[in-house]
Amino acid sequence: MEETKIEVLPLYRADMFIMKVGTEEQREDLKKQILHAKENNIGEKSGGNPGCWRSNATYEMDWLYDAVRGLSDEANKMYFEKDDIFKSYVEKCENRDINIWTNVNEVGSKNVLHTHNADVWAGIYYVQGEGTGNLMFHNPANVLSLCNHVSPFTRKMGIEPRDGMLVIWPGWVPHEVEENISDKQRINIAWGIKFN
C-alpha cells in the first residue's frame, strides 16, 4: 500500500521572535536615561494610554539597535522561506527604518488593543517588565468572536515579560498589554520597523 504524503502550505502566519538582550548594567543605564527623559519631559508625546508616559527621546543604546536589526534579519530569513512575495519586497528595499518610542506605565495602567499596521515588524524591549502585565496577542479574525472557539489559534495568546526580553512580531497582529498590578513601573522601548 502506497503511503499518502501530506503537503503543508501556510495560509497565514504570525510568529513572535524572542531573545534575551543586554547586560544588567546596560539595562540599568538605559533605565536611568529613560527616567531622566521622563523627569525632564524630553521628547514627550501625546496620545498614550492613561497612566502611560510616552516619548520619542533617543538614548545611548547601540547594543539594542544591533540586536533589533539582528532579530529582524533572522525573522525575515524565516519568512522568506515561505513567502516569496514578502522576500521580493524586502530584497528590493534599500532602507530599514526603525522607529522607537518609550513607554513608562505606572501602576494601574494598561495599553489597549491596537496594531501597528504601517510597520512590517512591531516590537518591544523590556527594560523593567517582570510582573507588570502580560503582552497579549489576538487573532484578527477573532477579535469580534467570529471564529469557532475550537479552531486552531483563535484564542488570544500572551507572554509574560522578562527584563532584557526583546520581542518582535508582524505589525498587523492586534495586541494589548494587561494592567500593571505590580508595585513598580513597566519601562520599555517599543519598535516599528519598515522597509523602503
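Conditions tested, residue by residue: (1) in contact with a Lys or Arg (Cβ under 8 Å, 6 or more places away or on another chain); (2) among the charged types (D, E, K, R); (3) not in a strand (DSSP E or B).
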residue: Gly131; (1), (2), (3): yes, no, yes
residue: Ala141; (1), (2), (3): no, no, yes
residue: Thr154; (1), (2), (3): no, no, yes
residue: Ile168; (1), (2), (3): no, no, no
residue: Trp191; (1), (2), (3): no, no, no
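For the condition buried (at least 22 other Cβ atoms within 10 Å of the Cβ) and part of a loop (DSSP other than H, G, I, E, B), what is the one hit in His116, His149? Let's see the steps before the verdict.
On the way: His149 fails: buried (at least 22 other Cβ atoms within 10 Å of the Cβ).
Testing whether each residue is buried (at least 22 other Cβ atoms within 10 Å of the Cβ) and part of a loop (DSSP other than H, G, I, E, B) leaves just His116.
Kindly indicate whether any position in the stretch 26-42 is out of contact with any helix residue (DSSP H, G or I) (no Cβ under 9 Å at 6 or more places or on another chain) and part of a strand (DSSP E or B). Before you say what the answer is, go through the steps one by one.
Step one: list which residues in the stretch 26-42 are out of contact with any helix residue (DSSP H, G or I) (no Cβ under 9 Å at 6 or more places or on another chain), which gives 27-29, 31-41.
Imposing the further condition that a residue be part of a strand (DSSP E or B) reduces the set to none.
Among the residues of the stretch 26-42, not one is out of contact with any helix residue (DSSP H, G or I) (no Cβ under 9 Å at 6 or more places or on another chain) and part of a strand (DSSP E or B), which makes the answer no.
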* Output the number of residues of the stretch 54-87 satisfying the condition of being of a type in the set (A, V, I, L, M, F, W, C), surrounded by 18 or more Cβ atoms within 10 Å (Cβ to Cβ) and under 21 Å from Asn196 (Cα atoms). => 3
* Criterion violated by Arg54 - all others in (1) part of a helix (DSSP H, G or I); (2) in contact (Cβ under 8 Å) with a residue 24 or more places away in the chain satisfied -> (1)
* **Of all residues in the stretch 152-196 being in contact (Cβ under 8 Å) with a residue 60 or more places away in the chain, more than 28 Å from Phe80 (Cβ to Cβ) and out of contact with any strand residue (DSSP E or B) (no Cβ under 8 Å at 6 or more places or on another chain), the one that is surrounded by the fewest Cβ atoms within 10 Å (Cβ to Cβ)** => Asp183
* Unique match (being at pLDDT 95 or above and either surrounded by fewer than 17 Cβ atoms within 10 Å (Cβ to Cβ) or within 22 Å of the chain's Cα centre (by Cα) (or both)) among Glu24, Glu2, Glu7 -> Glu24
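The values are calculated or read from the model by the stated rules, or taken from the named source; none is laboratory data. Treat the numbers as computed from the prediction; the structure is a model and nothing was measured. Glycine also receives a Cβ, built like all others from the backbone with ideal geometry; neighbour counts cover every protein chain displayed.
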